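Please treat every number below as a calculation from the coordinates, not as lab data. Since the structure is predicted, the reported quantities are computational estimates derived from the model, not experimental observations. No Cβ is skipped: glycine too gets one built from the backbone with ideal geometry, and neighbour counts run over all protein chains shown.
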Amino acid sequence: MSKNDISSSLEDYLEAIAEIIERNGHAHTKDIADRLGVKMPSVTNALQALSARGLIHYQSHSPVELTTEGAQTAAVIRHRHTALKKFFSEILKLENKEADTTACKIEHVIGETVLSRFVALIDAISDREDCAPLREYLASTMPKICPDETEELISLDQLPKDKSAVVVKVAEGLRGLKKFADLGLVPGTLLQFEGRAPFGDLLRIKVMGSSLSLRAGDAQYIWVKLAD
């Protein structure tokens, strides 16, 4: 039976059973209910459904056991979860709980081809020597990106001299969006305002180690928040 033959909810149960057995050596109905935060009748219904699909051995008042097929399916589900959680925690720098929750939401819909490419990307960023600058950039930038809309944002042209900031959003009214994106002026980018030109409306900013000139009129469309 393919993992696609069971719902995302049943995948959660199967994953929980495998984790509990690995930790405790056995999995009882109450253990599963506690692990998933659900009521006992819900667990019973799910176990009956998994048993009917040949993924577990289930008898009332006895520990739940995975069948060979159930163990294989659970391993695939857990592999997806582990790989996605690693991406969210090590690459996107999310807190452990948020990384775990996000991985749980996505793992049920991601295909094996996409997953394998995620793993290749994670391994490359984590291990390749030529990715060291990228690792440093991610480590310094990702934790500063926050969707909290209550934070005060300022337009780039209002950023004080020598101050650093993170780009939060770029307004659609900015002409040549692709040009600015190619320069690195996209949400999440860390930049520094170096100052204004003596004459005219040009601003000097440093982005990823390079100094750029930007019209003040264009800078009004780029919203940033001060970096810590």
>> Starting from 0.36 nm per residue, how many nanometres of slack lie between Leu121 and Asp162 once their C-alpha separation is accounted for?
In response: 11.3 nm
> Can you give the convex hull volume of the alpha carbon atoms of the stretch 81-195 per residue, in Å³?
Replying inline: 154
> Short version: ³J(HN,Hα) in whole Hz for each residue of the stretch 117-128, in order, from phi by Karplus 6.51 cos²θ - 1.76 cosθ + 1.60 (θ = phi - 60°), x for Gly and Pro, what are they?
Replying inline: 6, 4, 4, 4, 5, 4, 4, 5, 5, 6, 10, 6
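Treating the beta-carbon of each Lys and Arg as +1 and of each Asp and Glu as -1, no other charges, what is the dipole magnitude of the chain about its Cα centre, to the nearest 20 debye?
480
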>> Bins of 5 Å, beginning at zero and ending with the bin holding the largest distance: percent of Cα pairs per bin for the chain, please.
In response: 1, 6, 12, 13, 12, 10, 9, 8, 7, 7, 6, 4, 3, 1, 1, 0, 0
> How far, in degrees from 0 to 90, does helix 132-141 lean away from the longest principal axis of the Cα atoms of the chain, to the nearest 10?
Replying inline: 90
>> To test your reading of the geometry: what angle, between 0 and 90 degrees and rounded to tens, separates the Cα axis of helix 8-24 from the longest principal axis of the chain?
In response: 70
> Hey, what angle do you get for helix 40-52 against the long axis of the chain, alpha-carbon based, 0 to 90 degrees rounded to 10?
Replying inline: 80
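On full extension of the chain, what length is gained from Leu226 through Thr44, given 0.36 nm per residue of separation minus the C-alpha to C-alpha distance? Don't jump to the answer; show the numbers that get you there.
Values: separation 182, 0.36 × 182 = 65.52 nm, distance 5.20 nm.
Contour length minus Cα-Cα distance gives 60.3 nm.
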> Which residues' amide hydrogens lie under 5 Å from the amide hydrogen of Thr67, considering only partners 5 or more residues apart or on another chain, with H built in the peptide plane?
Replying inline: Ile56, His57
>> Give me log10 I(q)/I(0) at q = 0.18, 0.22 Å⁻¹ for the stretch 159-225, Debye formula, one equal scatterer per alpha-carbon, no solvent.
In response: -0.60, -0.92
